[in-house]
Amino acid sequence: MNARRTLANGVLFACTGALLGACTTATTPETGDTPEHSAAAQFVSPFFVELDCEHVGYIQTGEADEHIGPIFRRFDIDGSRNISRQEWLAYRWMENKQWMALSFDTADSDDDALVSVAEFRTYLIWAIGSLDSDSDGEVHPEDLQRYLPQPGA
Ligand SMILES: [Ca+2]
Ligand SMILES: [Ca+2]
Ligand SMILES: [Ca+2]
């Protein structure tokens, strides 16, 4: 996707927000645009289709609990019920290792260098919620894309 297309998406996003009445709040699409959001978008992306099991085209934070088991086990290679930093960074569907590391540090809230099931659940729910810029409870593929680098960028 080129820069012009990205810009168009941004404008489309803003217009959609206005149609939904989001313009009445103080938030703008740019608010809270941080590396943590990019890390969250990268983290959620590989699981989007799985989380959207009803195929409605968007995901919600409530979907995390339905799918957390299989997603967690994909990271927890040795089945220890904890994800080590090494296991986390080994997950191959996420290209930007800096964001991966940021995700790990954010998820590991007690700083014991392991992400427990509870920490993983909290992070997944936070990650989905953080991408819902217009706070309507729905996270669409465009919400993820705006935080992720485009091919060739
Ligand atoms: Ca493990
Ligand atoms: Ca921990
Ligand atoms: Ca939304």
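Where a number appears in this text, it was derived from the coordinates with a stated rule and is not lab data. Nothing here was measured: the structure is a model prediction, and the numbers come from that model. Cβ atoms come from the backbone with ideal geometry, glycine included; neighbour counts cover every protein chain shown.
For this structure, a couple of remarks:
- Gain in span if fully extended, A101 to S80, counting 0.36 nm per residue against the direct Cα distance: 5.6 nm
- Expressed per residue, the C-alpha convex hull volume of segment 29-153 stands at 105 Å³.
- Available extension along the chain between Q150 and D112 is 10.3 nm, counting 0.36 nm per residue and deducting the alpha carbon span.
- A simple rule links phi to the HN-Hα coupling: the Karplus curve 6.51 cos²θ - 1.76 cosθ + 1.60 with θ = phi - 60°, which for segment 51-56 gives 5, 8, 5, 7, 6, 8 Hz, with x for Gly and Pro.
- Relative to the current alpha-carbon distance between C53 and L89, full extension at 0.36 nm per residue lengthens the span by 10.4 nm.
- Over all other residues within a Cβ to Cβ distance under 13 Å of W99, the charged ones net out to -2, with Lys and Arg as +1 and Asp and Glu as -1.
- Panel order for I128, I77, by other beta carbons found within 10 Å of each beta carbon, from fewest to most: I77, I128.
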